[in-house]
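What follows is calculated from the coordinates using simple rules that are stated; it is not laboratory data. Just so we're clear, the structure is a prediction, and the values are computed from it rather than from any experiment. No Cβ is skipped: glycine too gets one built from the backbone with ideal geometry, and neighbour counts run over all protein chains shown.
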Amino acid sequence: MRTRDRERINAQSGKHLESMLRRFGEHAMKVQALGVMAPLMPPWETYAGMRRKIARLRAGKVHGLDPRIPQLALADLLELSMERDMITHAVIADMNEGRDLERRINERLESERFRRSVAGFHALKKSPEAADPESPAAEKVRRIHRQRKRELGRGRKRKS
């Protein structure tokens, strides 16, 4: 991998790490202010459904299961749960973006390596040493040719 590519990956990784730490820090401050840990959001629940529940709790239209828990505290807890889920999804998306960048760079490097090897093969094939059938260069050309033919499959039929 080139230095430029490595620097690009490192810069992007650093940016994502700073973003993740900032999000976690903001969330931790909210959790600390509430005094409890935010529970995980139920997997069947959507953000829109959670927002509707929070709005109904704040408006006093519904009551929680435990009457000892104030409705506003329950609404805050559900809000923190939703925020925690959003942060988790954003961090996962950032990680996937970094992985995708690295994959694209590796694919580009692999295609460049392949192009260089094909160019080297053609240069070797045109060299004067490859013209002699008994030379090691000719043997190498034949070996590479057979290998490429095996990898690429059977060629097209020629019209007679």
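Before moving on, here are some points about what is shown:
- Taken over the range 47-61, the criterion of being free of Cβ contacts under 8 Å to residues at least 24 places away in the same chain and loosely packed, with under 14 Cβ neighbours inside 10 Å is satisfied by ALA48, GLY49, ARG52, ALA55, ALA59, GLY60, LYS61.
- Residues located in the range 103-124, provided they are β-branched (Val, Ile, Thr) and closer than 17 Å to THR3 by Cβ: ILE105
- Subset tally (residues that are among the acidic types (Asp, Glu) and assigned to a loop (DSSP other than H, G, I, E, B)) for the range 23-72: 2
- Of all residues in the range 52-94 being in contact with a Ser or Thr (Cβ under 9 Å, 6 or more places away or on another chain) and not acidic (Asp, Glu), the one that is farthest from LEU17 (Cα to Cα): ALA90
- Every listed requirement among (1) surrounded by 17 or more Cβ atoms within 10 Å (Cβ to Cβ); (2) part of a loop (DSSP other than H, G, I, E, B); (3) among the acidic types (Asp, Glu) is met by ASP76 save one, (2).
- Residue within the range 15-26 that is surrounded by 14 or more Cβ atoms within 10 Å (Cβ to Cβ) and within 30 Å of ARG108 (Cβ to Cβ) present: yes
- Of all residues making up the range 31-46, the number that are touching a residue at least 40 places away in the same chain (Cβ under 8 Å) and closer than 18 Å to ALA90 by Cα: 4
- Test: residue in the range 1-22 that is touching a residue at least 24 places away in the same chain (Cβ under 8 Å) and outside any helix (DSSP H, G or I): yes
- All positions within the range 82-101 that are under 8 Å from the mean Cα position of the chain (by Cα) and touching a residue at least 40 places away in the same chain (Cβ under 8 Å): ASP94, MET95, GLU97, GLY98, LEU101
- Some residue of the range 43-55 being touching a Phe, Trp or Tyr at 6+ places or on another chain (Cβ under 8 Å) and among the aliphatic types (A, V, I, L, M): no
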